[in-house]
Protein chains: 2
Amino acid sequence: MERVPRATARGTFLCQPRRTERANSGEAMHAEIISVGTELLLGDTVDTNAAALGQRLAEWGIHHRHRQTVGDHQGRLVEALRLAQSRAEIVITIGGLGPTEDDLTRYAIAEILGRPMVRDEAVVRRLQAFFRSRGVAWVELNGRQADLPEGGEWVANANGTALGFWVPTEDGGGVLALPGPPNEFLPMLDGPVRELLRGRGGVPLYRRTLRFVGIGESLLAAQFPELMEGERPTVAPYAKPGEVHLRIADADDETGRERVRQVEQLIRAKAGEHCYGADEETLPEVILSLLRREGQTLAVAESCTGGGIGARLTEIPGASDVFVGGVISYTEAVKHAHLGVPEAVLNGPGAVSNECAVAMAQGARDRLGATWGLSVTGYAGPDAPEGRLGEVWIGLAGPDRAEAVRFAFRGDRRTVRLRAVSQALTSLWQALREPARMGHS
Amino acid sequence: MERVPRATARGTFLCQPRRTERANSGEAMHAEIISVGTELLLGDTVDTNAAALGQRLAEWGIHHRHRQTVGDHQGRLVEALRLAQSRAEIVITIGGLGPTEDDLTRYAIAEILGRPMVRDEAVVRRLQAFFRSRGVAWVELNGRQADLPEGGEWVANANGTALGFWVPTEDGGGVLALPGPPNEFLPMLDGPVRELLRGRGGVPLYRRTLRFVGIGESLLAAQFPELMEGERPTVAPYAKPGEVHLRIADADDETGRERVRQVEQLIRAKAGEHCYGADEETLPEVILSLLRREGQTLAVAESCTGGGIGARLTEIPGASDVFVGGVISYTEAVKHAHLGVPEAVLNGPGAVSNECAVAMAQGARDRLGATWGLSVTGYAGPDAPEGRLGEVWIGLAGPDRAEAVRFAFRGDRRTVRLRAVSQALTSLWQALREPARMGHS
């Protein structure tokens with residue numbers, strides 16, 4: 001049931017508090033995020049923190065219906081905190097905990113809670129010791145990071161001087177303040193914040209994400225119209241660069257998980273040939289695992305992607321036991337000298353051709369001594385011969401044979417290169433899982 | 001002067017409208033963004049659109065103090081729209097304009113404006129023709145994308161079926177609805193949205209961004225304490241991966257631009273040796289330009305970065321006239337066979353050493369026939385010999401000589417690799433602009 005603020009006149013509100021009634025009912029709590037920082041409004045920073053926190057709240061079964069973003073301004077921050085408090089038991093601020101005069105979050109929180117500010121001398125001494133160890137002079141302003149609204153408790157930050165804090169309120173909720181730098185914020189989420197909040201949710205959400213390549217979002221969704229409309233579990237498609245993810249979600253209890261499992265089976269029965277993995281598994285990981293299992297190795301020959309395939313594969317720790325390396329052949333001379341592409345190919349069909357892609361893949365395989373060679377050559381733009389912008393050939397040389405497939409990608413240079421990398425990995429994966437279909441999908 | 005909602009009791013608000021008084025005064029208007037979509041709250045999508053729009057609002061001189069994010073829920077969307085209307089003349093929604101039942105934005109806007117909804121039959125016919133041309137069946141639901149609140153006007157979308165729309169209000173502002181997919185949203189920003197909104201701002205903001213490498217944020221800021229506190233212009237540092245950007249901003253009029261120019265000169269006089277470019281210029285672009293000017297070429301030899309340097313350089317259109325390519329030498333065998341790293345080096349100091357980095361850079365330069373060879377070899381983790389995690393050697397072979405420098409990066413595998421790529425480009429840039437200092441910065 002919804003209880004939205006009633007507009008009593010244009011631009012005038014009376015927001016109904018929803019806190020007390022719900023807090024006493026034992027239901028899952030509601031949280032509201034307030035992202036603080038003028039740089040967020042100016043667009044100099046993209047709010048990745050709020051997205052990461054949103055994911056966690058869903059996992060922990062905490063309702064989350066509104067997010068606010070305000071600049072470094074105490075009046076507007078107080079206003080946002082009050083509005084959030086009227087709608088949610090748990091209010092979480094991100095940012096504004098640093099030592100400078102712009103960092104106002106702790107003072108705004110003390111104000112809305114009507115608590116005095118207490119300076120924690122133990123924290124002051126720790127900060128002073130830290131500054132000393134770095135050889136940095138202590139200035140009085142730094143002491144602000146030791147200020148805590150009365151009744152609050154610190155939340156540890158392993159990667160910075162700004163501690164978070166939690167001020168519990170009588171309804172079982174509270175206000176949580178977290179620092180903004182992502183390298184401090186994100187580790188706190190999966191450590192102390194998780195400990196603090198997880199028990200305050202209802203039945204957490206159980207999510208299973210299936211990852212697909214070689215099929216578009218609408219075509220995939222059209223295979224399961226009844227599932228896409230279901231409520232238990234919900235099934236939602238997400239288009240990612242070169243991939244589609246289907247997220248199946250239900251309550252994280254026995255029946256909910258069982259429903260998710262059944263729907264996963266239904267989906268795999270119909271579209272399993274395009275499903276390369278689940279949850280956090282990435283396509284490079286799956287490819288490296290398949291190669292490792294067969295005791296095989298891989299080399300690449302990259303023209304228009306300039307190293308992008310190698311970079312993706314080597315994101316995975318331990319790639320070196322199957323990925324031997326490759327040649328970035330950005331000029332014809334390098335294609336000829338280092339991959340053995342015949343001059344007749346370069347002068348005939350040219351560097352963007354079936355023949356060249358095949359020769360590059362064979363060259364990578366043979367010259368680097370790998371089981372497989374994977375090549376890409378194409379016109380990423382903006383310059384390209386008439387009608388050939390986005391034309392990309394992907395070549396694959398396997399233990400027995402070599403061939404190439406032509407793709408026509410739309411979009412700007414960045415998009416064509418991204419798609420070329422994704423498609424090269426997709427083609428390789430398809431060949432590895434079903435060698436007879438190599439190159440024909 | 002601030003006019004924040006007055007809290008009349010805990011959780012209860014009376015928001016003072018600020019619209020009429022300001023609209024009649026000729027001041028710059030205020031805009032408020034509402035990002036719509038459950039996927040934003042769940043964290044499945046990061047809100048890059050709102051950041052891009054925030055940048056434009058600042059450039060157009062439109063004030064922007066609050067942002068709200070709500071899910072696909074008409075009641076909450078209406079509530080958010082009313083709150084935004086109470087604080088800003090221009091309300092901009094992002095998302096929720098698609099044809100499905102979840103897409104509620106146009107109906108919520110009609111509701112708060114008290115306007116009936118009108119179906120534009122010309123748009124229906126255009127949509128039907130589009131679906132026919134794609135061989136996709138027309139379903140009645142698609143007609144929703146032709147629904148417009150009375151008095152509204154369409155805003156063109158060159159990249160999708162969801163048109164935007166603008167409904168003017170009597171105070172000179174209005175409500176603007178824009179579609180959520182970034183590839184549709186972003187081109188609209190710099191086309192029709194710019195035309196619509198630019199004239200509604202005050203004096204636009206003039207920004208100049210100076211880009212630095214080889215110096216940290218705090219060290220850079222500490223050189224100009226008086227500038228960092230200035231108001232006209234404001235100077236703000238932003239830490240980016242491997243770089244620091246200083247943004248100088250003032251009014252976009254003659255005196256404002258002149259103040260920015262003077263401050264830029266002051267900054268360059270003190271820290272110019274670290275400043276590689278300005279505004280949208282990237283480090284790879286500057287490097288390629290420097291090489292092109294000298295008629296020189298570059299080859300890379302990448303170990304732990306796996307192709308990441310090549311990928312960064314080839315993001316730039318036309319890289320091929322100076323970047324010849326490289327070798328991804330992920331194994332010792334490839335380092336030896338394709339870059340000529342002596343076995344004595346691999347068996348002695350090893351693959352992560354001064355000697356190996358130098359030999360790799362020389363091998364890239366000589367074997368690929370370039371003026372410069374740039375190499376990277378290191379331990380990105382998570383596995384590494386005791387105490388050597390994050391140790392990265394960057395080698396540079398120039399026309400006359402070759403040498404390598406050792407770096408110790410902190411962070412996880414992703415961070416170490418990112419920093420290695422940034423540092424390799426930085427080292428190359430420093431050598432190119434001042435060859436005598438090569439490798440010693």
task: Kindly establish whether A:Arg259 is over 20 Å from A:Ala58 (Cβ atoms) and of a type in the set (Lys, Arg).
output: no
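Applying the selection to region A:145-160, what residues are over 33 Å from the mean Cα position of the chain (by Cα) and crowded, with 17+ Cβ neighbours inside 10 Å?
A:Asp147, A:Pro149
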- request: Being assigned to a loop (DSSP other than H, G, I, E, B) and over 18 Å from B:Glu32 (Cα atoms) is the filter here, so list the residues in region B:204-222 that pass it.
  value: B:Val213, B:Gly214, B:Ile215, B:Gly216
task: Look at A:Val193 and say whether it is in contact (Cβ under 8 Å) with a residue 24 or more places away in the chain and part of a helix (DSSP H, G or I).
output: yes
message: Considering only region B:423-430, I want to know if a residue exists there that is more than 29 Å from the chain's Cα centre (by Cα) and crowded, with 19+ Cβ neighbours inside 10 Å.
response: no
statement: Scanning region A:285-310 residue by residue, those of a type outside the set (A, V, I, L, M, F, W, C) and either over 27 Å from the mean Cα position of the chain (by Cα) or modelled with pLDDT under 95 (or both) turn out to be A:Arg293, A:Glu294, A:Gly295, A:Gln296, A:Thr297, A:Ser303
field: Whichever residue in region B:223-242 is at pLDDT 85 or above and part of a strand (DSSP E or B) and, among such residues, is surrounded by the fewest Cβ atoms within 10 Å (Cβ to Cβ)
entry: B:Thr234
task: For region B:108-118, enumerate the residues that are free of Cβ contacts under 8 Å to residues at least 40 places away in the same chain and either in a loop (DSSP other than H, G, I, E, B) or under 24 Å from A:Ser218 (Cβ atoms) (or both).
output: B:Gly114, B:Pro116
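Among the residues of region B:248-282, write down those that are small (Gly, Ala, Ser), farther than 18 Å from B:Ile215 by Cα and outside any helix (DSSP H, G or I).
Here is the first cut: in region B:248-282, the ones small (Gly, Ala, Ser) are B:249, B:251, B:256, B:269, B:271-272, B:277-278.
Narrowing the set further to residues that are farther than 18 Å from B:Ile215 by Cα leaves B:249, B:251, B:256.
B:Ala249, B:Ala251, listed by residue number.
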- line: Sole miss for B:His245 among (1) part of a strand (DSSP E or B); (2) over 30 Å from B:Ala380 (Cα atoms); (3) out of contact with any helix residue (DSSP H, G or I) (no Cβ under 7 Å at 6 or more places or on another chain) is condition (2)
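Quick check on this structure: which one of A:Arg134, A:Arg125 is more than 30 Å from B:Gly230 (Cα to Cα) and free of Cβ contacts under 8 Å to residues at least 24 places away in the same chain?
Values: A:Arg134 fails: more than 30 Å from B:Gly230 (Cα to Cα).
Selected residue: A:Arg125, the only one of A:Arg134, A:Arg125 that is more than 30 Å from B:Gly230 (Cα to Cα) and free of Cβ contacts under 8 Å to residues at least 24 places away in the same chain.
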- prompt: If you go through region A:299-312 one residue at a time, do you hit one that is surrounded by 24 or more Cβ atoms within 10 Å (Cβ to Cβ), free of Cβ contacts under 8 Å to residues at least 60 places away in the same chain and out of contact with any strand residue (DSSP E or B) (no Cβ under 8 Å at 6 or more places or on another chain)?
  reply: yes
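For (1) of a type in the set (A, V, I, L, M); (2) facing chain A (nearest Cβ under 10 Å); (3) crowded, with 21+ Cβ neighbours inside 10 Å, each residue gets a yes or a no:
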| residue | (1), (2), (3) |
| --- | --- |
| B:Asp44 | no, yes, no |
| B:Asn49 | no, yes, yes |
| B:Gly54 | no, yes, yes |
| B:Gly61 | no, no, no |
| B:Ala80 | yes, yes, yes |
- line: Listed by first then second residue, the pairs whose first member lies in region A:83-106 and is over 16 Å from A:Arg56 (Cβ atoms), whose partner is of a type in the set (Phe, Trp, Tyr), with beta carbons under 8 Å and at least 6 positions apart or on separate chains, are A:Leu83/B:Phe13; A:Ser86/B:Phe13; A:Arg106/A:Phe165
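Which of the residues that make up region A:334-379 are among the polar types (S, T, N, Q) and surrounded by fewer than 23 Cβ atoms within 10 Å (Cβ to Cβ)? I'd like the intermediate steps shown before the answer.
Taking region A:334-379 and keeping what is among the polar types (S, T, N, Q), we get A:347, A:353-354, A:362, A:371, A:375, A:377.
Selection gives A:Asn347, A:Ser353, A:Asn354, A:Gln362, A:Thr371.
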message: Just checking: which of the strands (runs of 3 or more DSSP E) contained wholly in region A:342-441 hold 2 or more residues that are over 29 Å from A:Gly295 (Cα atoms)?
response: A:391-397, A:402-408
message: Could you list, ordered by first residue, the pairs with Cβ atoms under 8 Å in which the first is in region B:63-74 and more than 7 Å from chain A (Cβ to nearest Cβ) and on the phi < 0 side of the Ramachandran plot and the second is assigned to a strand (DSSP E or B) and crowded, with 20+ Cβ neighbours inside 10 Å, at least 6 apart or interchain?
response: B:His63/B:His30; B:His63/B:Ala31; B:Asp72/B:Val36
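Output the residues belonging to region A:133-144 that are part of a loop (DSSP other than H, G, I, E, B) and under 35 Å from the mean Cα position of the chain (by Cα). Reasoning before the result, please.
So the first thing to find is which residues in region A:133-144 are part of a loop (DSSP other than H, G, I, E, B), and the list is A:134-139.
Answer for region A:133-144, where residues must be part of a loop (DSSP other than H, G, I, E, B) and under 35 Å from the mean Cα position of the chain (by Cα): just A:Arg134.
State whether the residues of region B:74-90 include one that is over 28 Å from A:Glu39 (Cα atoms) and in contact with a helix residue (DSSP H, G or I) (Cβ under 9 Å, 6 or more places away or on another chain).
Let us first name the residues in region B:74-90 that are over 28 Å from A:Glu39 (Cα atoms), namely B:74-75.
Applying the additional criterion that residues be in contact with a helix residue (DSSP H, G or I) (Cβ under 9 Å, 6 or more places away or on another chain) yields B:74-75.
There is at least one residue in region B:74-90 that is over 28 Å from A:Glu39 (Cα atoms) and in contact with a helix residue (DSSP H, G or I) (Cβ under 9 Å, 6 or more places away or on another chain).
Any residue at all in region A:114-132 that's within 11 Å of chain B (Cβ to nearest Cβ), buried (at least 17 other Cβ atoms within 10 Å of the Cβ) and of a type outside the set (Asp, Glu)? Quick ask: steps written out before the conclusion?
Looking only at region A:114-132, we keep the residues that are within 11 Å of chain B (Cβ to nearest Cβ), and these are A:114.
Narrowing the set further to residues that are buried (at least 17 other Cβ atoms within 10 Å of the Cβ) leaves none.
No, every residue in region A:114-132 fails to be within 11 Å of chain B (Cβ to nearest Cβ), buried (at least 17 other Cβ atoms within 10 Å of the Cβ) and of a type outside the set (Asp, Glu).
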- request: Go through (1) in contact with a His (Cβ under 8 Å, 6 or more places away or on another chain); (2) in contact (Cβ under 8 Å) with a residue 24 or more places away in the chain one by one and return the number of the condition B:Gly54 breaks.
  value: (2)
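For the subset of region B:351-371 comprising residues that are of a type outside the set (Asp, Glu) and more than 14 Å from every other protein chain (Cβ to nearest Cβ), which member is nearest to A:Ile328 (Cα to Cα)? Walk me through how you get there before you give the answer.
First pass over region B:351-371, keeping only residues of a type outside the set (Asp, Glu): B:351-354, B:356-365, B:367-371.
Cutting the leftovers down to more than 14 Å from every other protein chain (Cβ to nearest Cβ) gives us B:353-354, B:356-359, B:361-362.
On the way: B:Ser353: 23, B:Asn354: 23, B:Cys356: 20, B:Ala357: 18, B:Val358: 19, B:Ala359: 18, B:Ala361: 15, B:Gln362: 16 Å.
Per the criteria, the residue is B:Ala361.
If you check B:Ala269 against the conditions, is it touching a strand residue (DSSP E or B) at 6+ places or on another chain (Cβ under 9 Å) and either over 23 Å from A:Leu40 (Cβ atoms) or surrounded by fewer than 20 Cβ atoms within 10 Å (Cβ to Cβ) (or both)? Break it down into steps so the answer makes sense when it comes.
Numbers: touching a strand residue (DSSP E or B) at 6+ places or on another chain (Cβ under 9 Å): no; either over 23 Å from A:Leu40 (Cβ atoms) or surrounded by fewer than 20 Cβ atoms within 10 Å (Cβ to Cβ) (or both): yes.
For B:Ala269, the condition - touching a strand residue (DSSP E or B) at 6+ places or on another chain (Cβ under 9 Å) and either over 23 Å from A:Leu40 (Cβ atoms) or surrounded by fewer than 20 Cβ atoms within 10 Å (Cβ to Cβ) (or both) - is not met.
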- line: Of the conditions (1) over 19 Å from the mean Cα position of the chain (by Cα); (2) under 28 Å from A:Gly395 (Cα atoms), the single one that A:Gly242 does not satisfy is (1)
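Would you check if A:Arg414 is under 24 Å from the mean Cα position of the chain (by Cα) and buried (at least 20 other Cβ atoms within 10 Å of the Cβ)?
Details: under 24 Å from the mean Cα position of the chain (by Cα): yes; buried (at least 20 other Cβ atoms within 10 Å of the Cβ): no.
So A:Arg414 fails the test.
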- request: Answer yes if at least one residue in region B:56-76 is out of contact with any Ser or Thr (no Cβ under 8 Å at 6 or more places or on another chain), assigned to a loop (DSSP other than H, G, I, E, B) and more than 24 Å from A:Asp47 (Cα to Cα), and no otherwise.
  value: no
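Just to be sure, is A:Leu148 modelled with pLDDT under 95, out of contact with any Gly (no Cβ under 9 Å at 6 or more places or on another chain) and either closer than 25 Å to B:Arg410 by Cα or outside any loop (DSSP other than H, G, I, E, B) (or both)?
Numbers: modelled with pLDDT under 95: no; out of contact with any Gly (no Cβ under 9 Å at 6 or more places or on another chain): yes; either closer than 25 Å to B:Arg410 by Cα or outside any loop (DSSP other than H, G, I, E, B) (or both): yes.
Against the criterion (modelled with pLDDT under 95, out of contact with any Gly (no Cβ under 9 Å at 6 or more places or on another chain) and either closer than 25 Å to B:Arg410 by Cα or outside any loop (DSSP other than H, G, I, E, B) (or both)), A:Leu148 does not qualify.
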statement: (1) at pLDDT below 95; (2) at the interface with chain B (Cβ under 8 Å from one of its Cβ atoms) all hold for A:Asp321 apart from (2)
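The values are calculated or read from the model by the stated rules, or taken from the named source; none is laboratory data. From a predicted model like this one, the values you see are computed outputs, not experimental measurements. Cβ atoms come from the backbone with ideal geometry, glycine included; neighbour counts cover every protein chain shown.
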